[in-house]
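I have placed the structure first, in the form of C-alpha cells, so that the comments after it can refer back to it.
The values are calculated or read from the model by the stated rules, or taken from the named source; none is laboratory data. Here the structure is a predicted model, which is why all the values come from computation and not from measurement. Here Cβ is always computed from backbone atoms with ideal geometry, including for glycine, and neighbour counts include all displayed protein chains.
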Amino acid sequence: MIFQRALRRELVSTAGAVFTTLFTITITVMLIKILGQAAGGKVASRDVIALLGFAGLTYMPVILILTGFISVLLVVTRSYQDSEMVVWFASGLSLSRWIAPVFWFAVPIVVLTASLSFVVTPWANQRSAEFRERFEKREDIAKVSPGKFQESASAERVFFVEGVTGDAMRVKNIFVNTQHNGRNSIVVAREGTIEFDKRGDKFLVMRQGRRYDAMTAQPDFQIMEFERYGVLVSRQSEALVGDKSARSLPTHALLVDPTPFSKGELVWRIALPMMALLLMLLAVPLGFVNPRGGRSANLLIALLLFVLYSNMASVMQAAVVQERISWIGGWWPIHLAAVVVIAMLFSWRIYRNSEYHPLVLWAGFKRRSLMGEVTT
C-alpha cells in the first residue's frame, strides 16, 4: 500500500508537469494561428479568446492521452535508472504488480477523455464553426481592417476605410469598388453607418460622397454626387447553421443517422478513451532501461508505437467511412492488437529469467557455441 500511494503521488505530480507543458505548447501554437486569421480578416478579433478555448477543448483528448502515456513512461524509466526496480524485483515482486496502481491512475484520465470525446469536443467544434460562420455572414464593412484593402466574401467588392468605431457600426472615409455583370462602380464617401430596414436587412448607408459608373472596355463613365447612398450588405434571412460534419454532431445524432461518416466518427470517438487506457498500460513494460545505459532507445520505441497506434486508429476510421468494413468490425481489432502487444511485453519482462525466455535461450546458444570453439 505504501508503494502504491507513493507511486500514485509520483504519477500525479509528473502528469501535472507533462500536461502543463503539452497544454502550453498547444495553446501557444493555436493562439498564433488564430491571431494570424484575425489579422487576415478571417475571424473576428473579439472572438479570438472564444475560438482559442474551443480549439483547446478540441485537442484536449489527445493532450490527455499523451499526458498519461508520457507520465507512466517517465516514472517507470526513472525507477529503472535509480535502481529502484532492482530492489523491487529482489523483493520477489514482479512487474505485473504495477498494473493496479497504473490502472487506478488511468481511470480519471480515461473517464475525462471519454467525456471530452463523446460530448465536449463535438460541442466545441460546432460552436467554433458557428462563430466563424457568424463572422462570414456579418456585414462586409464590419470585417474590414482600417487602412487595409480587403475583398468581400462575394469577391465582387473591394473595401477600404480609414477608421472604424468600436462597435463597427460607423466608418470614415470609405472607398468601395464593385464589379458586377461587366459593370464597374466606384463609391467614395466621407462616412457611413450600418442601418436596418423593416425586414431586418442590413445596409451600409454612406453620406457625402460620389459614385463613378463605367462599363468594362468602354471609355464612357458617369459621375454622381450624393448626400445619402445605401448598399445592401446582408439579409436577415441568412441563418447560422454551423458545422454539420460528423465531427461536430452529438453522439446521439451519430447513432440516429448511421451514415458512413457518422460510423467512422463513432469509431474514432470510441478509440480515444481506449487508447488512453491501453497506452498507459503499454508504458509499463516499455519503461525498461539499463541503468548503465541511456534511455533514448525505449523513448524512441514508445514514440513509434504511439504514432503507429494513432495512425492505425485513423486508418480504421477511414475504412469504415469508405464502407470497406462495418463499424462494429472496425473499432475493436486495433485495440485487441494493442492488448496482445501489451501481454507479450509483460511476459517478456516478467519471465526474462526463465530458461525458456528468448534472451536466455540465445545466451545459452552463444555459450555452447563458444565452448565448442574452445574445445576444438
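Of the residues 19, 23, 54, 105, which is among the aromatic types (Phe, Trp, Tyr), in contact (Cβ under 8 Å) with a residue 60 or more places away in the chain, part of a helix (DSSP H, G or I) and under 30 Å from residue 249 (Cβ atoms)?
Within the list 19, 23, 54, 105, the selection yields 54.
Among the numbered conditions (1) surrounded by fewer than 15 Cβ atoms within 10 Å (Cβ to Cβ); (2) at pLDDT below 85; (3) over 29 Å from residue 91 (Cα atoms); (4) touching a Lys or Arg at 6+ places or on another chain (Cβ under 9 Å), tell me where residue 327 comes up short.
Among (1) surrounded by fewer than 15 Cβ atoms within 10 Å (Cβ to Cβ); (2) at pLDDT below 85; (3) over 29 Å from residue 91 (Cα atoms); (4) touching a Lys or Arg at 6+ places or on another chain (Cβ under 9 Å), residue 327 violates only (1).
Look at residue 100 and say whether it is modelled with pLDDT under 95, in a helix (DSSP H, G or I) and within 30 Å of residue 262 (Cα to Cα).
On the way: modelled with pLDDT under 95: yes; in a helix (DSSP H, G or I): yes; within 30 Å of residue 262 (Cα to Cα): no.
Considered against the rule, which asks whether it is modelled with pLDDT under 95, in a helix (DSSP H, G or I) and within 30 Å of residue 262 (Cα to Cα), residue 100 comes out as no.
Can you tell me which residue within segment 30-47, out of those that are surrounded by fewer than 16 Cβ atoms within 10 Å (Cβ to Cβ) and of a type in the set (A, V, I, L, M, F, W, C), is farthest from residue 122 (Cα to Cα)?
The qualifying residue farthest from residue 122 (Cα to Cα) is 39.
Given the options 284, 321, 307, name the one that is at pLDDT 85 or above and over 30 Å from residue 77 (Cα atoms).
Sole residue among the options that is at pLDDT 85 or above and over 30 Å from residue 77 (Cα atoms): 321.
Based on what the data block shows, is residue 68 of a type outside the set (D, E, K, R) and either touching a strand residue (DSSP E or B) at 6+ places or on another chain (Cβ under 9 Å) or surrounded by fewer than 17 Cβ atoms within 10 Å (Cβ to Cβ) (or both)?
Spelling it out, it is not the case that residue 68 is of a type outside the set (D, E, K, R) and either touching a strand residue (DSSP E or B) at 6+ places or on another chain (Cβ under 9 Å) or surrounded by fewer than 17 Cβ atoms within 10 Å (Cβ to Cβ) (or both).
Say whether the condition of being under 25 Å from residue 84 (Cα atoms) and of a type in the set (D, E, K, R) is met by at least one residue in segment 10-33.
The answer is yes, given that some residue of segment 10-33 is under 25 Å from residue 84 (Cα atoms) and of a type in the set (D, E, K, R).
Please go through segment 1-42 and pick out each residue that is within 17 Å of residue 53 (Cβ to Cβ) and either touching a strand residue (DSSP E or B) at 6+ places or on another chain (Cβ under 8 Å) or of a type in the set (A, V, I, L, M) (or both).
22, 25, 27, 29, 30, 31, 32, 34, 35, 38
What pairs come up if the first residue lies in segment 293-304 and is modelled with pLDDT of 65 or more, the second is assigned to a helix (DSSP H, G or I), and their beta carbons are under 6 Å apart, counting only those six or more places apart or on different chains?
298/286; 302/73; 302/286
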